[in-house]
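Enquirer: First the structure, then my questions, so here it is.
The values are calculated or read from the model by the stated rules, or taken from the named source; none is laboratory data. Remember, it's a predicted structure, so these values are computed and weren't measured experimentally. No Cβ is skipped: glycine too gets one built from the backbone with ideal geometry, and neighbour counts run over all protein chains shown.
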Amino acid sequence: MAPDPQGAAAVIAARAPGFTPHVGLVLGTGIGALAEAIEDAVIIDYGDLPGFPLSAVEGHAGRLVLGNLAGMAVACMQGRAHLYEGHEAADLALPIRALSLAGCDTLLLTNAAGSLNPEFPPGSLMMLSDHINMTGTNPLVGANDERFGPRFPDMTVAYDRELRHRLANTAARLGITLHEGVYMALMGPNFETPAEIRAFRTMGADAVGMSTVPECLVARHSGMRVAALSTLTNLAAGMTDEELSHAQSLAVGAEAAKDLRRLLPAFLESLSPETGR
Ligand code: HPA
């Protein structure tokens, strides 16, 4: 039987007694270094958290960092597992549920993505207004765990309006350009074909990537507020003459990640440290 998220939540409580994180952070490709800014950090390897799936992807550390970032109590996942690594979609539910049990009622997801929108250039940041799940799977498939949420969760507002408003205001205050658009998630691991990208543009996608949507679905199911940000690392396949590579994603993503490393702490500072709201 799959492990219960209570086990991982119990390890978190035991390793950081008396500490209640309000905001969960998932740091994607190229953004992991943000965890180094966390103060009074308690670090737990995913291997010590029962049921946390491990990631072998370059740029994903695989540890949970508990502590204070810009005065906010956070639980930060430095690295995440992906569907293309062979994990079952349902396996991706456990870490998010463990964060929810630990106290997080807000979840901030980050990722690296390709841009389908010529007005959103590589090196810039996009906040998700909505998503399209094209992974072909869903972490909520299987018996519904009623402790967390309903069988048929509503997804009318997947990405919280208040949080988006705050992120937009914070970015404007810092002089950071923050685009807003629709993220399409695919299973991967290959980058898309030019024909797929043309089809996805017609469907309304502004960016494409291989993560984030499973975590958003689990978090919304359990009633967490969600916001998500993409560092745009490339124009999607066929939009330029260049071929795509993970190495190039990391290099260009580093530019956008600099803005994200300024934006996230300033955003957290704008929330109440007592409640995280
Ligand atoms: N496609 C899918 N995932 C990605 C891309 C892309 O072009 N760039 C970064 N992650």
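Enquirer: Which one is nearest to the ligand (Cβ to nearest atom), of the residues in segment 228-254 that are crowded, with 21+ Cβ neighbours inside 10 Å and part of a loop (DSSP other than H, G, I, E, B)?
Expert: A236
Enquirer: Can you say whether R173 is more than 15 Å from the ligand (Cβ to nearest atom), in contact (Cβ under 8 Å) with a residue 40 or more places away in the chain, more than 15 Å from H131 (Cβ to Cβ) and in a helix (DSSP H, G or I), as far as the supplied structure shows?
Expert: yes
Enquirer: From the set of residues in segment 13-55 that are hydroxyl-bearing (S, T, Y) and at pLDDT 90 or above, which is nearest to T233 (Cα to Cα)?
Expert: Once the filter is applied, the top-ranked residue is Y46.
Enquirer: Pull up segment 111-133, narrow it to residues that are assigned to a loop (DSSP other than H, G, I, E, B) and among the hydrophobic types (A, V, I, L, M, F, W, C), then point me to the one that is farthest from the ligand (Cβ to nearest atom). Reasoning before the result, please.
Expert: Within segment 111-133, the first condition is being assigned to a loop (DSSP other than H, G, I, E, B), and the residues that meet it are 116-124.
Next, from what is left, pick out any that are among the hydrophobic types (A, V, I, L, M, F, W, C): 116, 120.
Details: L116: 9, F120: 12 Å.
Ranking the qualifying residues of segment 111-133, first place goes to F120.
Enquirer: I've got another one for you. Could you please find all residues in segment 193-217 being in contact with a Phe, Trp or Tyr (Cβ under 7 Å, 6 or more places away or on another chain), near the ligand (Cβ under 10 Å from one of its atoms) and either assigned to a loop (DSSP other than H, G, I, E, B) or more than 26 Å from A93 (Cβ to Cβ) (or both)?
Expert: Result: M210, single match.
Enquirer: Considering segment 84-96 alone, what residues qualify as being more than 22 Å from R164 (Cα to Cα) and either among the acidic types (D, E) or under 14 Å from the mean Cα position of the chain (by Cα) (or both)?
Expert: E85, E88, D91, L92, A93, P95 - these are the residues of segment 84-96 that are more than 22 Å from R164 (Cα to Cα) and either among the acidic types (D, E) or under 14 Å from the mean Cα position of the chain (by Cα) (or both).
Enquirer: For segment 126-154, enumerate the residues that are among the hydrophobic types (A, V, I, L, M, F, W, C) and either touching an Asp or Glu at 6+ places or on another chain (Cβ under 6 Å) or under 28 Å from A257 (Cβ atoms) (or both).
Expert: Those that are among the hydrophobic types (A, V, I, L, M, F, W, C) and either touching an Asp or Glu at 6+ places or on another chain (Cβ under 6 Å) or under 28 Å from A257 (Cβ atoms) (or both): M126, M127, L128, I132, M134.
Enquirer: So, in segment 243-271, of the ones that are in contact with a Leu (Cβ under 8 Å, 6 or more places away or on another chain) and charged (D, E, K, R), which residue ends up farthest from A37 (Cα to Cα)?
Expert: If we take residues in segment 243-271 being in contact with a Leu (Cβ under 8 Å, 6 or more places away or on another chain) and charged (D, E, K, R), then D259 is farthest from A37 (Cα to Cα).
Enquirer: Going by what's in this entry, would V157 be described as closer than 23 Å to G79 by Cα and either at pLDDT 95 or above or within 18 Å of the chain's Cα centre (by Cα) (or both)?
Expert: no
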